[in-house]
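Visitor: First the structure, which I've put down as C-alpha cells, then a few questions once you've had a look.
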Amino acid sequence: MSILWNQPKMVSLLKDFYTIVPIRIALFDTKQKNLYSYPNRHATFCELMNATKEGSNNCIKSNNDAFLNAKRNKEPYFYQCHAGLTEMLIPIGNLAEESIGYIMLGQFKLKDLNERKWEDIYHNVQSIPLDFTKLEIAYGELSVIGIEQLKASAHILQALANYIWLNNYVRNQSDPLSKRIEEYMLENLSLPLSLSSLASKFEIGKTSLCSTIKLDYNMTVTELLLKHRMDRAKQLLRESNLRVSEIAIMVGLPDYNYFSRVFKKEIGVSPTIFRRLCANEPLLAMAHKA
C-alpha cells in the first residue's frame, strides 16, 4: 500500500508551526524521504556540511540512527547530530501500529548550562574539508532554543502528529495514479516529457493530470518533473565522471547552456562548481579553474 499525504494541509501546518517556533520543520515518510519542509532550504550550516562527501555521509548516518531510535521508542526523540546540533523526531501514527511518517524539528542550538560553543562544533567536524570561516558564521546564524521551549515544542508536535493521524491527512491507495505518473517520470527523465505526452500515456485529460499531481505532491507537473531532473543531475554529478553535457542529455535537458542556467537557478551554483564541492576540491583551486 502507498501512503499519500494531503500536502496542501500539511504544508499549511508546517508553516503555522514555523510562525510560532522559527526553526525548520520537515515531514518524512517511513523510508526517511523528505516529503516537504518549511522553509524549503536547509540552514546554511547544513548546506555547507552536505556539500562535502564526508559531511553528507556523517549526516546520513546520524539521521539513520535517529530514525531507528524514534521508530523503536514511538515517542519524541531528542538527539544531537554528528556536528553537535540539536534535532528532534516525532513519529506519526498509532502507538499500537507502525509509524507512517515522522516530523523533524531542527537544526538548532540548545541553550542550557551545557550549551555547545563553536569550539565544540569545530572539534566534532575539524577532520572534514570545510571552509571553517563560513561554517562559523553559519553556526552563529542558527536559531537558539531553551530547554523549556524545547519541551513545549515537543508537546505541541506530538499533538500535531496525533492530529494528522486522526484527521486523515494521510490516505492509503494500492496503486495511486500520481505515484504511477511519478515512477514513469523517473524511468524516462531523458525523454522530452510534456503535459500532453503524460496525459496521453495515462489516458487522462490535462486538467485531471494537473489536479492529481497538485493534490498529492502540492506541485505542478512541471515542478515535479524539474525536481526529479535536478535530483538525478546532482546524483550523476556526485557519483559519475560523465561530462556535464552528457548529464544534461540524460536528464532530458539536452541544451547544455539551458541546463546549466536551470541548474544554477534551482541549486544555487553551476553544475561544475557543484561537482567540485562534492569532490571536496579546495575553494582556492575552484577559483583558479572557474
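Visitor: By accessible area of protein heavy atoms, probe 1.4 Å, what ranking do ARG243, ARG180 get, highest first?
Guide: Descending order: ARG243, ARG180.
Visitor: Oh, and also: Nearest 20 debye, what's the magnitude of the dipole of segment 17-111 about its Cα centre given +1 on Lys and Arg Cβ and -1 on Asp and Glu Cβ?
Guide: 160 debye
Visitor: At R0 = 41 Å, how high is the FRET efficiency between SER12 and ILE249 if r is their beta carbon distance? Nearest 0.05 is fine.
Guide: Plugging the Cβ-Cβ distance into 1/(1 + (r/R0)^6) gives 0.60.
Visitor: Just how large is the dipole of the chain about the Cα centre, in debye to the nearest 20, putting +1 at every Lys and Arg Cβ and -1 at every Asp and Glu Cβ?
Guide: Computed about the Cα centre, the dipole is about 520 debye.
Visitor: With the full set of protein chains in place, find how many percent of the accessible area of the chain is carbon and sulfur; take the probe as 1.4 Å.
Guide: 52 percent
Visitor: I'd like to know which of PHE202, TYR38, MET88 lies farthest towards the positive end of the charge dipole of the chain, counting +1 on Cβ of Lys and Arg and -1 on Cβ of Asp and Glu.
Guide: Of the options given, the answer is PHE202.
Visitor: In the Gaussian network model of the chain, springs joining C-alpha atoms below 10 Å, which of LEU160, LEU195, LEU225 carries the largest mean-square fluctuation?
Guide: Of LEU160, LEU195, LEU225, the Gaussian network model singles out LEU195 as fluctuating most.
Visitor: Gap in Å between the Cα centre of segment 29-50 and the Cα centre of segment 134-165?
Guide: With segment 134-165 and segment 29-50 each reduced to a Cα centre, they are spaced 14 Å.
Visitor: Let me ask you something else. Taking θ as phi - 60°, what are the ³J(HN,Hα) couplings along segment 132-139 by the Karplus curve (6.51, -1.76, 1.60), each to the nearest whole Hz, with x for Gly and Pro?
Guide: 6, 5, 5, 5, 5, 4, 5, 5
Visitor: Follow-up question, since we're still on this one. Between ILE156 and THR272, what is the spin-label point distance in nm, taking each point 7 Å from the Cα along the Cα→C-beta axis?
Guide: 4.7 nm
Visitor: Express in nm, to one decimal, how much length is gained between TYR79 and GLU183 on full extension, taking 0.36 nm for each residue of separation and deducting their alpha carbon distance.
Guide: Net length gain for the segment: 34.0 nm.
Visitor: Taking the alpha-carbon distance from LYS109 and a cut-off under 19 Å, which aspartates and glutamates remain once sequence neighbours fewer than 8 residues away in the same chain are dropped?
Guide: Here the aspartates and glutamates satisfying the reach criterion relative to LYS109 are GLU47, GLU87, GLU119, ASP120, GLU136, GLU141, GLU148.
Visitor: Which value, in debye to the nearest 20, gives the size of the charge dipole of segment 1-60 about its Cα centre, when Lys and Arg are +1 and Asp and Glu are -1 at the Cβ?
Guide: Dipole size: approximately 100 debye.
Visitor: Next up: What full-extension length gain, to one decimal in nm, is calculated for LEU191 and ASN69 as 0.36 nm per residue of separation minus the Cα-Cα distance?
Guide: My answer for the length gained is 39.8 nm.
Visitor: For LEU35, what residues show an amide H to amide H distance below 5 Å, using hydrogens built from the backbone and excluding near sequence neighbours?
Guide: LEU27, PHE28, ASP29
Visitor: Evaluate E = 1/(1 + (r/R0)^6) for THR19 and LYS53, where r is the Cβ-Cβ distance and R0 equals 51 Å; express this FRET efficiency to the nearest 0.05.
Guide: 0.90
Visitor: Follow-up question, since we're still on this one. What share of Cα pairs, in percent, lie more than 21 angstrom apart in segment 21-167?
Guide: Looking at segment 21-167, the distances longer than 21 Å represent 43 percent of pairs.
Visitor: A further question follows. Run the simple label-point estimate for GLU223 and LYS265 please: 7 Å along Cα→C-beta, distance reported in nm.
Guide: 1.5 nm
Visitor: Here's something else I'd like to know. Stretch ASN40-TYR256 to full length: gain in nm at 0.36 nm per residue minus the Cα-Cα span?
Guide: My answer for the length gained is 75.1 nm.
Visitor: Right, next: Any chance you could look up the accessible area of LYS151 with a 1.4 Å probe, heavy atoms only, rounded to 10 Å²?
Guide: Per-residue accessible area (LYS151): approximately 100 Å².
Visitor: Applying 1/(1 + (r/R0)^6) with R0 = 51 Å to the Cβ-Cβ distance of PHE202 and GLN149, what FRET efficiency is obtained, to the nearest 0.05?
Guide: So, using R0 = 51 Å, E works out to roughly 0.60.
Visitor: Now for a separate question. For segment 178-185, just list the computed ³J(HN,Hα) in residue order, Karplus coefficients 6.51, -1.76 and 1.60, θ = phi - 60°, integers in Hz, with x standing in for Gly and Pro.
Guide: Once θ is set to phi - 60°, the couplings for segment 178-185 become 4, 5, 5, 5, 4, 4, 5, 4 Hz.
Visitor: Determine the relative contact order of segment 9-168: mean sequence separation of Cα pairs under 8 Å and six or more apart, normalised by residue count, in whole percent.
Guide: Relative contact order here is 23 percent.
The values are calculated or read from the model by the stated rules, or taken from the named source; none is laboratory data. Source: prediction; values computed, not measured. Reconstructed Cβ throughout: ideal geometry from the backbone, glycine too, with neighbour counts over all protein chains shown. Please note that ligands, DNA and RNA were not included when accessible areas were found on the heavy atoms of the full protein model with its side chains. Shrake-Rupley method; radii C 1.70, N 1.55, O 1.52, S 1.80 Å.
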